[in-house]
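**Student:** Right, I'll just put the structure down here and ask away after.
The values are calculated or read from the model by the stated rules, or taken from the named source; none is laboratory data. Keep in mind that what you see is a predicted model, and the values were worked out from it rather than measured. Please note: Cβ atoms are built from the backbone with ideal geometry, for glycine as well, and neighbour counts cover all protein chains shown. Heads up: the accessible areas ignore ligands, DNA and RNA and are worked out on the full protein's heavy atoms, side chains in. Shrake-Rupley method; radii C 1.70, N 1.55, O 1.52, S 1.80 Å.
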Amino acid sequence: QVQLVESGGGLVQGGGSLSLSCVASGIIFSIGAMGWYRQAPGKQRELVATITSGGNSNYADSVKGRFTISRDNAKKMVYLQMNSLKPEDTAVYYCNAEIQLRSFYTSRGYWGQGTQVTVSS
């Protein structure tokens, strides 16, 4: 059974920093793109940042220049460094990964359970 487990959320003052981590576990043949999404109360889940297995990253305009996504393929981990946090960054942050369980399987997306990030003004 594949699992994605996030950690590192919490409460921080505006202008502060937080770092999120996500680790994939289970029997995994390969991991493609990994990413972070967030969902604020009453809003749809939105993309924050993604990174390919080769290290190419993509960011939402709202976080460009403030957030940095990275990954460690050997450890099956993805990270999100969040700097200059704003109250509007408050949301539940979810890890996502495209995972192939076997060489002959099709990749599919998996989600973590989410971690709360709260930024006070």
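**Student:** Residue check, Trp36 against (1) within 28 Å of Tyr105 (Cβ to Cβ); (2) more than 15 Å from the chain's Cα centre (by Cα); (3) at pLDDT 95 or above, all met but one. Which one?
**Tutor:** The failed condition is (2).
**Student:** If I ask for residues that are of a type in the set (A, V, I, L, M) and in a loop (DSSP other than H, G, I, E, B), which ones from segment 1-57 would you list?
**Tutor:** Those that are of a type in the set (A, V, I, L, M) and in a loop (DSSP other than H, G, I, E, B): Val2, Ile27, Ile28, Ala40.
**Student:** Identify all residues within segment 93-111 that are without any contact (Cβ under 8 Å) to a residue 60 or more places away in the chain and open to solvent by less than 50 Å² (accessible area, probe 1.4 Å); write none if there are none.
**Tutor:** Listed by number, the list holds a single entry, Gly109.
**Student:** Now a separate question. Can you name every residue in segment 58-72 that is within 13 Å of Gly35 (Cα to Cα) and either hydroxyl-bearing (Ser, Thr, Tyr) or outside any strand (DSSP E or B) (or both)?
**Tutor:** If the condition is that a residue be within 13 Å of Gly35 (Cα to Cα) and either hydroxyl-bearing (Ser, Thr, Tyr) or outside any strand (DSSP E or B) (or both), then Tyr59, Ala60, Thr68, Ser70 are the ones that fit.
**Student:** Mind telling me which of the residues Asp89, Asp72 ends up being surrounded by fewer than 20 Cβ atoms within 10 Å (Cβ to Cβ) and within 16 Å of the chain's Cα centre (by Cα)?
**Tutor:** Asp72
**Student:** Now for a separate question. Here are some residues: Gln116, Gln81. Which one is open to solvent by 70 Å² or more (accessible area, probe 1.4 Å) and either at pLDDT 95 or above or closer than 12 Å to Gly35 by Cα (or both)?
**Tutor:** So the residue among Gln116, Gln81 that is open to solvent by 70 Å² or more (accessible area, probe 1.4 Å) and either at pLDDT 95 or above or closer than 12 Å to Gly35 by Cα (or both) is Gln116.
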